[in-house]
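Worksheet for the structure shown next.
The values are calculated or read from the model by the stated rules, or taken from the named source; none is laboratory data. For clarity, every value in this text was computed on a predicted model and none was experimentally measured. Cβ placement follows ideal geometry from the backbone for every residue including glycine, while neighbour counts extend to all protein chains displayed. To get the accessible areas, we keep the full protein, side chains included, count just its heavy atoms, and leave off ligands, DNA and RNA. Shrake-Rupley method; radii C 1.70, N 1.55, O 1.52, S 1.80 Å.
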Amino acid sequence: MNVVVRYFARLRELKGRSEESCSFPAGITAAEAYVALGLPPDLPIAFAVNQERVRGDTRLAEGDEVVFLPPIGGG
């Protein structure tokens, strides 16, 4: 199953890109996709699928756009 993954803030810096196409097994959740991509487990992440905030246990489907939203810092 192919999905588009978008990265913001610290995740974009870590990955060196703002988006990529990824292939995952059918039935994977947003949180499982985050882990499968080897992203930092210590960040409190919010998830969005197809421009709607969702819980990490939301299952992804073919063609979805998933966004991992790390905390935004500022000062």
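When the dipole is taken about the Cα centre of the chain, and only Lys, Arg (+1) and Asp, Glu (-1) are charged at their Cβ, what size is it in debye, to the nearest 20?
Approximately 200 debye in magnitude.
Note down the net charge around Thr29, summing +1 for each Lys or Arg and -1 for each Asp or Glu among other residues with Cβ under 11 Å from its Cβ.
Value of the local net charge: 0.
Would you mind telling me the share, in percent, of accessible area of the chain contributed by carbon and sulfur at probe 1.4 angstrom?
The nonpolar share, carbon plus sulfur, comes to 50 percent.
Accessible area per residue for segment 15-75 in Å², computed with a 1.4 Å probe and the full protein assembly in place, what is it?
Using a 1.4 Å probe on heavy atoms only, each residue of segment 15-75 averages 61 Å².
If we count every other residue with Cβ under 14 angstrom of Ser18's Cβ, Lys/Arg +1 and Asp/Glu -1, where does the sum land? Mind showing how you got there, number by number?
Working: positive: Arg6, Arg10, Arg12, Lys15, Arg17; negative: Glu13, Glu19, Glu20, Glu65.
Surrounding charge for Ser18 is +1.
Positive end of the dipole of the chain, charges at C-beta (+1 Lys, Arg; -1 Asp, Glu), about the Cα centre: which of Val67, Val4, Pro44 has its Cα farthest in that direction?
Pro44
With log10 I(q)/I(0) by the Debye sum over Cα atoms at q = 0.16 Å⁻¹ in mind, check (1) -0.62; (2) -0.70; (3) -0.50 and report the label derived from this structure.
(3)
Looking only at the chain, where both bridge partners belong to it, what percent of the DSSP beta bridges are antiparallel (to the nearest 5)? Intermediate values should be presented prior to the final figure.
Values: 13 of 17 bridges.
Of those bridges, close to 75 percent are antiparallel.
Expressed as a rounded percentage, what relative contact order does the chain have, with Cα pairs under 8 Å and six or more residues apart?
For the chain, the relative contact order is 41 percent.
Longest span of the chain, sites excluded, free of trypsin sites (Lys or Arg not before Pro) in DSSP loop with at most 14 other C-beta atoms within 10 Å?
Formally, the longest exposed-site-free interval is 18-54.
Do any GluC sites (Glu not before Pro) in segment 31-75 lie in a loop, going by DSSP, with at most 16 other beta-carbon atoms within 10 Å of their beta carbon, and if so which?
Glu62
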